[in-house]
Amino acid sequence: MNTRRLTRDAIAATAIALACAGTAVSPALERIHGLSLDILTALRFEMFGNRHSPAASPTVVVAIDEESYRAAPFKGSPTLTWTGEIGRVLNAVVEGGAKVVGFDMIIPTSIEQSEIPFGEGMLGERVRGFDRDFLRALAGAAAPNKVVLGEQLRGNDPIRPAPGQRIAVRQQQNIRPLNTVTDGDDTVRRMPLSFDVGGAKVPGMALELAARAQNAKPEFAADGSVMLAGYKIPGAEANTVTLNFEAGADDIPTYSFADLRACAIKGDKDYFKRVFDGKVVLFGTVLDSEDRKQTSKRFATGLEGTRAARCAGDGKPVLTGFKRSSIAGIYIHATAVNNLIRQDASVEVGSHATFATMRTLKCHSSPNRGHGGNGWTIV
């Protein structure tokens, strides 16, 4: 038995107990219960590392990242003109065996709709058919229910995919909300599980992807609780899941869109099979300034950049040189999907969700996780 490890674990357990005791008697409990989850997420990582290997992540990310914006042929081109190449990569990912592909990005218009004058007519008329390959890729993936497009609910004015995309994916059959929920301190700690759309209960993007990955349907109870594949999803607030983040920057394998596009052109089907077979795949932006969110992972982030095994190799990942407290929004959805599939969402203890802990701060022997010994584990 490793005495040093036991000492370290005992110190961690004592610190957690003191934090619990101090918080429990604090009159400011309602204001700091979210902060306690943030601190415990960082503390668990510092003491035990991450619970899972990145390679075992059920979800991976295809990142439209800084590298993609700097690489040919995308450099200098608006993303509205990338649709054909997005379709190319989508086809390769689906053919590689992905269980389901979700889009944590919305392309609300098409260049084919442009009414900007061009010559004797309009630009849209001159480029008619420009999105054809993208729409075909969407339709091909929608037929076996392997693609889900995102939309942003905003009352009576939602942001939705362009009309052609909606038709290609069979309308609302394969479109789900991307909305998240933010606490009063502008921090994301929970994800809505479903939304009321047109009088119907519609799963959010994360719940939909997790359900399709497990070939299961979510069951909604009258009290707001949700069951998926035999897992009653814990939630201090009805119809939400409290996110259980891993730490660092490589917990969700991330692949640069530019590298995958080059790989697809090269025809390396074995690569796509190796990295995407059996995975839930999320397409979205991973940028330095766009769609950044502060989450309960804010004290346990890492240097960003695409770190997964590359295919084409004709380019270098663009890495940040410092840690930030925010993460790209796509990792919120990826974490929610992983929590639902692994059945390890965080549990917030207390009648009013006043103190958040990881799986009720259950301390037990965990020979198959983390450090492989008998130690205190927050799971």
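Laboratory data are not the source of any read-out in this text; all were calculated from the coordinates shown. Just so you know, these numbers come straight off a predicted model, no measurement behind them. With ideal geometry, Cβ positions are generated from the backbone for all residues, glycine too; neighbour counts draw on all protein chains shown.
Tabulated values for the structure
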| item | result |
| --- | --- |
| Segment K232-F195, extension gain: residue separation times 0.36 nm, minus the distance between their alpha carbons | 11.5 nm |
| Estimated inter-spin distance, R70 and Q343, nm [label 7 Å along Cα→Cβ] | 4.5 nm |
| Where Rh is the Kirkwood radius over Cα pairs, Rg/Rh for region 82-215 | 1.03 |
| Dipole magnitude (debye, nearest 20) for region 108-177, charges at Cβ of Lys, Arg, Asp, Glu | 420 debye |
| Cross-link pairs K201/K279; K146/K269; K217/K297; K217/K273 - those with Cα-Cα distance over 22 Å | K201/K279; K217/K297; K217/K273 |
| Distance between modelled label sites at F118 and L303, nm, 7 Å Cα→Cβ extension | 4.2 nm |
| Under the Karplus curve 6.51 cos²θ - 1.76 cosθ + 1.60, θ = phi - 60°, whole-Hz ³J(HN,Hα) for region 233-239, x wherever Gly or Pro sits | 5, x, x, 5, 10, 3, 6 |
| Once the Cα gyration tensor of region 251-310 is diagonalised, semi-axes √(5λ) in Å | 26, 13, 10 |
| Inter-site label distance for S325 and T81 at 7 Å from Cα along Cβ, in nm | 4.0 nm |
